[in-house]
Amino acid sequence: MPDLFVTTRDAERYVTDDKLGISTAGVRVIAEVISPGAGDQDRDRVRKRREYARAGIPVYVIVDDTAGTVTVLTDPQPEKADWVGVHRVPYGTEVTIPEGPAKGFTIGEAITGARRG
């Protein structure tokens with residue numbers, strides 16, 4: 001389960017049969033804030049990254065407070081469970097969502113705080 005997701009305007013057509021969620025076909029952006037526990041970090045950084053690529057989610061944003069970075073992943077390769085576009089910046093540096101319904105949304109110091117170090 002992601003921390004935040006952005007779906008299409010017609011999200012109701014992607015509601016699952018059990019009415020408890022949205023199928024991945026309707027999800028355009030996922031954002032994850034890395035959890036503090038070691039097992040949680042592995043889940044958020046590795047397993048979710050792989051599974052969201054496998055599902056073909058167009059954009060995955062990782063806000064990593066432990067590392068002090070924001071990573072925007074684009075162009076998923078479902079067959080490889082990986083991403084072509086990887087753009088990582090330190091806190092305090094702006095990064096902009098490049099596509100989809102959140103296109104142009106900037107993540108910067110107002111969200112993450114100042115650059116570390």
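The values are calculated or read from the model by the stated rules, or taken from the named source; none is laboratory data. Note that this is a predicted model, so its numbers are computed, not measured. Positions of Cβ are generated from backbone atoms using ideal geometry, with glycine treated the same way; all protein chains shown enter the neighbour counts.
Figure legend. Inter-residue proximity from the range 4-15: first residues under 19 Å from VAL63 (Cβ atoms) and of a type in the set (Lys, Arg), second residues surrounded by 12 or more Cβ atoms within 10 Å (Cβ to Cβ) and at pLDDT below 90, beta-carbon distance below 9 Å, spacing 6+ or different chains. No pairs are indicated.
Looking only at residues of the range 36-58 that are outside any helix (DSSP H, G or I) and among the hydrophobic types (A, V, I, L, M, F, W, C), we find that the one that is surrounded by the fewest Cβ atoms within 10 Å (Cβ to Cβ) is ALA55.
Of the candidates VAL29, VAL33, VAL15, VAL61, the single residue that is closer than 24 Å to VAL89 by Cβ and either modelled with pLDDT under 90 or surrounded by fewer than 16 Cβ atoms within 10 Å (Cβ to Cβ) (or both) is VAL33. Does THR71 qualify as being surrounded by fewer than 16 Cβ atoms within 10 Å (Cβ to Cβ), of a type in the set (Val, Ile, Thr) and either closer than 26 Å to GLY92 by Cβ or touching a Cys at 6+ places or on another chain (Cβ under 6 Å) (or both)? Spelling it out, it is not the case that THR71 is surrounded by fewer than 16 Cβ atoms within 10 Å (Cβ to Cβ), of a type in the set (Val, Ile, Thr) and either closer than 26 Å to GLY92 by Cβ or touching a Cys at 6+ places or on another chain (Cβ under 6 Å) (or both).
Checking each residue in the range 6-35 for being within 12 Å of the chain's Cα centre (by Cα) and in a strand (DSSP E or B) picks out VAL6, VAL27, ARG28, VAL29, ILE30, ALA31, GLU32, VAL33.
Going by the structure shown, is VAL46 modelled with pLDDT of 95 or more, among the hydrophobic types (A, V, I, L, M, F, W, C) and within 19 Å of THR24 (Cβ to Cβ)? Quick ask: steps written out before the conclusion?
Numbers: modelled with pLDDT of 95 or more: no; among the hydrophobic types (A, V, I, L, M, F, W, C): yes; within 19 Å of THR24 (Cβ to Cβ): yes.
Taking the combined requirement at face value, the residue does not satisfy it.
Residue count for the range 101-117 under the criterion of being outside any loop (DSSP other than H, G, I, E, B) and over 26 Å from THR24 (Cα atoms): the result is 4. PRO98: closer than 23 Å to ARG115 by Cα, outside any strand (DSSP E or B) and at pLDDT below 95, yes or no? The answer is yes for PRO98. Candidates in the range 74-87 are the residues that are of a type in the set (A, V, I, L, M) and assigned to a strand (DSSP E or B); of these, the one that is surrounded by the most Cβ atoms within 10 Å (Cβ to Cβ) is VAL86.
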